[in-house]
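Here the structure comes first, spelled out in C-alpha cells, and everything after it is commentary.
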Amino acid sequence: HNIAVLLDFELAKIRDDYNALSPDDRQLPPDWPGSQLVYTLVKIAGLLFIFVATVCRFIRDSAWCDPDGQLAKVLEYQSEIQQSGVDKLDVTYCLVLDR
C-alpha cells in the first residue's frame, strides 16, 4: 500500500513537472500513467522502496525528456528479465546502467 502511494505521488509529480515545460501537443494526460500501470509497477516493486526511487529517477531523467517512453522501457525491460530469475534490485539497476 505504501509503495502505491509513493508511486502515485512521484509519477504525478513527474507528469506535472513535464507538462509544465512541454507544449500542449506533448502533454501527458491528467491520469498518466493510469492505475493499471501503477498497479503493475507496485507488483514489480514488491516491498522495495529503492525500486520506486530508482525507477522514478529514470523516468524523470531530463536528458531523455520522455517520461512515457522511459516508463515503457521500464515495463519492457522488467518483462524481459522477469523470466530469467534475476533479483529485482539487480534488474532495476541493470535497466539504468544499460542506458
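The values are calculated or read from the model by the stated rules, or taken from the named source; none is laboratory data. These figures come from a predicted structure and were not determined experimentally. Cβ placement follows ideal geometry from the backbone for every residue including glycine, while neighbour counts extend to all protein chains displayed.
Quick one: G69 ticks every box in (1) surrounded by 12 or more Cβ atoms within 10 Å (Cβ to Cβ); (2) more than 18 Å from F9 (Cα to Cα); (3) not β-branched (V, I, T) except a single one, so which number is it?
If we test G69 against (1) surrounded by 12 or more Cβ atoms within 10 Å (Cβ to Cβ); (2) more than 18 Å from F9 (Cα to Cα); (3) not β-branched (V, I, T), just (1) comes out false.
Quick one: how many residues across segment 21-61 are of a type in the set (A, V, I, L, M, F, W, C), under 24 Å from N2 (Cα atoms) and outside any helix (DSSP H, G or I)? So that I can check it myself, show each step before the final result.
Step one: filter segment 21-61 for residues of a type in the set (A, V, I, L, M, F, W, C), giving 21, 28, 32, 37-38, 41-42, 44-45, 47-53, 55-56, 58-59.
Filter once more, so that each one left must be under 24 Å from N2 (Cα atoms): 32, 37-38, 41-42, 44-45, 47-53, 55-56, 58-59.
From the residues that got through so far, the ones that are outside any helix (DSSP H, G or I) too are 32, 47-48.
Of the residues in segment 21-61, 3 are of a type in the set (A, V, I, L, M, F, W, C), under 24 Å from N2 (Cα atoms) and outside any helix (DSSP H, G or I).
A4 - would you say it is of a type in the set (G, A, S) and touching a helix residue (DSSP H, G or I) at 6+ places or on another chain (Cβ under 6 Å)?
Against the criterion (of a type in the set (G, A, S) and touching a helix residue (DSSP H, G or I) at 6+ places or on another chain (Cβ under 6 Å)), A4 qualifies.
Which one of the conditions (1) at pLDDT 95 or above; (2) of a type in the set (F, W, Y); (3) farther than 25 Å from H1 by Cβ does W64 fail to meet, given that it meets all the rest?
(1)
Is there any pair with a first residue in segment 18-30 that is over 18 Å from L71 (Cα atoms) and a second that is among the β-branched types (V, I, T) and part of a helix (DSSP H, G or I) whose Cβ atoms are under 9 Å apart and which are 6 or more apart or on different chains, and what are they?
As it stands, the answer is none, since no pair meets every condition given.
Does G69 meet the test of being on the phi > 0 side of the Ramachandran plot, of a type outside the set (S, T, Y) and at pLDDT 90 or above?
Working: on the phi > 0 side of the Ramachandran plot: no; of a type outside the set (S, T, Y): yes; at pLDDT 90 or above: yes.
Against the criterion (on the phi > 0 side of the Ramachandran plot, of a type outside the set (S, T, Y) and at pLDDT 90 or above), G69 does not qualify.
How many residues does segment 37-57 hold that are at pLDDT 90 or above and either crowded, with 20+ Cβ neighbours inside 10 Å or aliphatic (A, V, I, L, M) (or both)?
8
Exactly one condition in (1) modelled with pLDDT of 75 or more; (2) touching a helix residue (DSSP H, G or I) at 6+ places or on another chain (Cβ under 9 Å) is false for L95; which is it?
L95 satisfies every listed condition except (1).
If I go through segment 5-34 residue by residue, how many of them are loosely packed, with under 12 Cβ neighbours inside 10 Å and under 17 Å from A72 (Cβ atoms)?
Summing the residues that are loosely packed, with under 12 Cβ neighbours inside 10 Å and under 17 Å from A72 (Cβ atoms) in segment 5-34 gives 3.
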